[in-house]
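One structure is given below, encoded as structure tokens.
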Amino acid sequence: MHMQAFFTWFDAFLSSGSFWVYIVIFFGKVLEVSLCTLRIVLINRGERVKGSLIAIIEITLWLIIASSVLDGWKNDIGKAISYALAYAGGNYIGSWLDELLAFGLSSLQIVVPTLDETKKLANYLQSQGYGVTSIDVKGKDANSHYMLIMMIKRKLLKSVMEEIQQTCPAAMITVSDVKTVRGGYMRNAKQRNSARK
């Protein structure tokens, strides 16, 4: 009963011509689109439960905000403008949140020109607790190069790339997102296993 009364009041508020209506529409839509972006990222990275929970909040906000705008935008163009600006802002904030929270894993492929530099970089990364795999590769000039492959949490990506560039400035680094991993070794794995015991 109380919930029904609240929605009745809120609907009446959104139908009014108050300046606060535009503020509520703007920030409500920004929040909804930000959550939508975050939900898509989570689901694409295999976090289905978290993504589904966010979807409940997202669709509730959409129903409330969109119904208000669609119902009265012809008579109040300010609602449509607030809605459109918030949609753009929500996409920007959603992508920023993705970078800030850095869910998931990243795979790094590091091409190093010489064997000595490869050993130096691999030894350094392993001393920092990272799992590293090395393979021989060839470039267009048929000279041998060496590639290091490693899997890390996305939130460590920036610091790891800085460490690589400081240790081996000549290294070429490519990064790709990883959805699923089975087996292998990643930094902090031993600490987590010890904590469980």
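The values are calculated or read from the model by the stated rules, or taken from the named source; none is laboratory data. Since we're looking at a predicted model, the values are computed, not measured. For neighbour counting, all protein chains shown are included, and Cβ atoms are generated from backbone atoms with ideal geometry for every residue, glycine included.
Some observations on this one:
- For segment 88-130, a tally of residues being exposed (fewer than 15 other Cβ atoms within 10 Å of the Cβ), closer than 30 Å to LYS29 by Cβ and of a type outside the set (A, V, I, L, M, F, W, C) returns 3.
- Of all the numbered requirements in (1) of a type in the set (Ser, Thr, Tyr); (2) part of a helix (DSSP H, G or I); (3) closer than 30 Å to SER134 by Cα, THR37 misses one, and that requirement is (3).
- Top-ranked residue in segment 120-164 [being polar (S, T, N, Q) and out of contact with any strand residue (DSSP E or B) (no Cβ under 8 Å at 6 or more places or on another chain); ranked as farthest from ARG45 (Cα to Cα)]: ASN143
- When each of SER82, SER34, SER68 is tested for being touching a Gly at 6+ places or on another chain (Cβ under 6 Å) and either within 30 Å of TYR22 (Cβ to Cβ) or among the aliphatic types (A, V, I, L, M) (or both), the lone residue that passes is SER34.
- Conditions (1) part of a strand (DSSP E or B); (2) at pLDDT below 90; number of the one not met by TYR130: (1)
- For segment 80-95, filtering for residues that are more than 12 Å from VAL33 (Cα to Cα) and not hydroxyl-bearing (Ser, Thr, Tyr) leaves 2.
- Within segment 40-50, if we keep just the residues that are assigned to a helix (DSSP H, G or I) and surrounded by fewer than 18 Cβ atoms within 10 Å (Cβ to Cβ), the residue that is farthest from the chain's Cα centre (by Cα) turns out to be VAL49.
- Single condition ILE152 does not satisfy, out of (1) at pLDDT 70 or above; (2) exposed (fewer than 12 other Cβ atoms within 10 Å of the Cβ); (3) under 24 Å from LEU101 (Cα atoms): (2)
Okay, residues lined up against (1) over 30 Å from VAL49 (Cβ atoms); (2) outside the structural domain of GLY51 (by TED's automatic domain parsing); (3) out of contact with any Cys (no Cβ under 8 Å at 6 or more places or on another chain):
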position: LEU121; (1), (2), (3): yes, yes, no
position: MET151; (1), (2), (3): no, yes, yes
position: GLU163; (1), (2), (3): yes, yes, yes
position: PRO169; (1), (2), (3): yes, yes, yes
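- Filtering segment 51-86 to residues that are surrounded by fewer than 16 Cβ atoms within 10 Å (Cβ to Cβ), in a helix (DSSP H, G or I) and not small (Gly, Ala, Ser) leaves LEU53, ILE56, ILE57, ILE59, THR60, LEU63, LEU70, ASP71, ILE77, ILE81, LEU85.
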